[in-house]
1. Could you check region 317-349 and list, in sequence order, the residues that are open to solvent by less than 10 Å² (accessible area, probe 1.4 Å), β-branched (Val, Ile, Thr) and under 17 Å from Lys56 (Cβ atoms)?
2. Just the residues that are buried (at least 24 other Cβ atoms within 10 Å of the Cβ) and in contact with a helix residue (DSSP H, G or I) (Cβ under 8 Å, 6 or more places away or on another chain), please, taken from region 122-137.
3. Of all residues in region 285-305, which are part of a loop (DSSP other than H, G, I, E, B) and out of contact with any Pro (no Cβ under 8 Å at 6 or more places or on another chain)?
4. Just to be sure, is Val157 over 24 Å from Val228 (Cα atoms) and open to solvent by less than 10 Å² (accessible area, probe 1.4 Å)?
5. How do the strands (runs of 3 or more DSSP E) wholly within region 27-125 filter down when requiring 2 or more residues that are of a type in the set (Val, Ile, Thr) and within 30 Å of Thr141 (Cβ to Cβ): which remain?
6. All but one of (1) surrounded by fewer than 22 Cβ atoms within 10 Å (Cβ to Cβ); (2) part of a helix (DSSP H, G or I) hold for Gly274; which doesn't?
7. When only residues in region 58-98 that are closer than 23 Å to Asp304 by Cα and more than 22 Å from the chain's Cα centre (by Cα) count, which is most open to solvent (accessible area, probe 1.4 Å)?
8. Select from region 160-176 the residues that are at pLDDT 95 or above and either open to solvent by 10 Å² or more (accessible area, probe 1.4 Å) or part of a loop (DSSP other than H, G, I, E, B) (or both) and list them in ascending order.
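The values are calculated or read from the model by the stated rules, or taken from the named source; none is laboratory data. Since the structure is predicted, the reported quantities are computational estimates derived from the model, not experimental observations. Note that we place each Cβ from the backbone using ideal geometry, even for glycine, and neighbour counts take in every protein chain shown. Surface areas here come from the heavy atoms of the whole protein model, side chains and all, with no ligands, DNA or RNA. Shrake-Rupley method; radii C 1.70, N 1.55, O 1.52, S 1.80 Å.
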Amino acid sequence: MSHLGNIFHWRKSVSTLMGLLILFSFSHSYSQTKVKIKGEKFYINGKPTYAGQKWKGLKIEGLLMNARMVQGVFDDLNPETIERWKYPDTGKWDADRNTSEFVQHMNDWKAHGLLSFTINLQGGSPEGYSKNQPWHNSAFTAQGELRPAYMARLKKVLDEADRLEMVPILGLFYFGQDHRLENEAAVIKAVDLTINWLHDHNYKNVIIEINNECNVRYVHKILQPERVHELILRAKSIERNGYRYYVSTSYGGRFIPLPNVVQAADFILIHGNGVAEPKMIEEMVAQTRAVKGYHKMPILFNEDDHFDFDKDYNNMIASVSSYASWGYFDFRMKDDGFEEGYQSMPVDWSISSDRKRGFFNLLKEITGY
């Protein structure tokens, strides 16, 4: 073989090897982002979040500012209701488009200081608030098995969060959809399979919310306030190579967590819906810290539908002034355009409205991004 032939053969071998490495990197799940809780602080990759940051004398370091983005893997398996979610530009609903656009905008959220978002395997009300929920949005079958299409979409979201060093709050159940599981055994199976799926993919940047607002209209008793701590403990017990996930659950607006959850959880989730006076946010945090069994751990609001971001004092500022993380919840209200809200389907995931800009601009200021 000539000298030129050797060079060509060598280059071809290197090219083949690089191709295999690229293929492997796309097909193999790995984790570059790891979340840790120490006392009341969150750490990402060994450093406290918002390291050294203070805002108007308030300590921001260690908080996990977040937004309610629960519909990132949404679909509707009910053919009678799916037409409700069609996109205005195409006249059709498209679950893959929804997730792709979600992932597309995550970098912009992070650039404004958003380190976390809640995403739920049974979503939330696609109308913002709903009394009846005939649509069928569940990553679980009636028997508690995982639906591959949902988990494929979730993987896209979690992979991008891992790349961006973000910490998703993964919710499992929603009170409008938990009846889709046929019995308690199916609920338990869904928990086991979800946690093991996360381990299988080696995610270490995810924290768990068993269910959204456990004190609101759940069918299965194990998802209700008196027993939900059983699922928290179960999820915590599923370890792999010495690693386990941090787990909690949330309550409805104004509700103070109960001792059984406070004692079992790794962090506390509360909601600010219905809290019109920001001072009440501070009081809720103080009351939560006084619950029997509370020890130093993070307190997060991961749902609050109050805004007033242009004011000197609002629910978001009240939360951080109490050293509690805050979560923005926005839905499309009556007469709002497509660009409004992050929960009403279909979603415009961009920072596209005055309300969204109000939140993200204040978030950027507070977090120093």
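1. Across region 317-349, the qualifying residue is only Val320.
2. Filtering region 122-137 down to residues buried (at least 24 other Cβ atoms within 10 Å of the Cβ) leaves 122-124, 126, 135, 137.
Answer for region 122-137, where residues must be buried (at least 24 other Cβ atoms within 10 Å of the Cβ) and in contact with a helix residue (DSSP H, G or I) (Cβ under 8 Å, 6 or more places away or on another chain): Gln122, Pro126, Trp135.
3. Residues of region 285-305 that are part of a loop (DSSP other than H, G, I, E, B), as a first pass: 290-298, 304-305.
Correct list: Ala290, Tyr294, His295, Lys296, Met297, Pro298, Asp304, Asp305.
4. Details: over 24 Å from Val228 (Cα atoms): yes; open to solvent by less than 10 Å² (accessible area, probe 1.4 Å): yes.
So Val157 passes the test.
5. Numbers: elements: 35-38, 41-44, 66-68, 116-120.
It comes to 116-120.
6. Failing condition for Gly274: (2).
7. Looking at residues that are closer than 23 Å to Asp304 by Cα and more than 22 Å from the chain's Cα centre (by Cα), I get Lys59.
8. Narrowing region 160-176 to residues at pLDDT 95 or above: 160-175.
If the condition is that a residue be at pLDDT 95 or above and either open to solvent by 10 Å² or more (accessible area, probe 1.4 Å) or part of a loop (DSSP other than H, G, I, E, B) (or both), then Glu160, Arg163, Leu164, Glu165, Met166, Val167, Pro168, Tyr174, Phe175 are the ones that fit.
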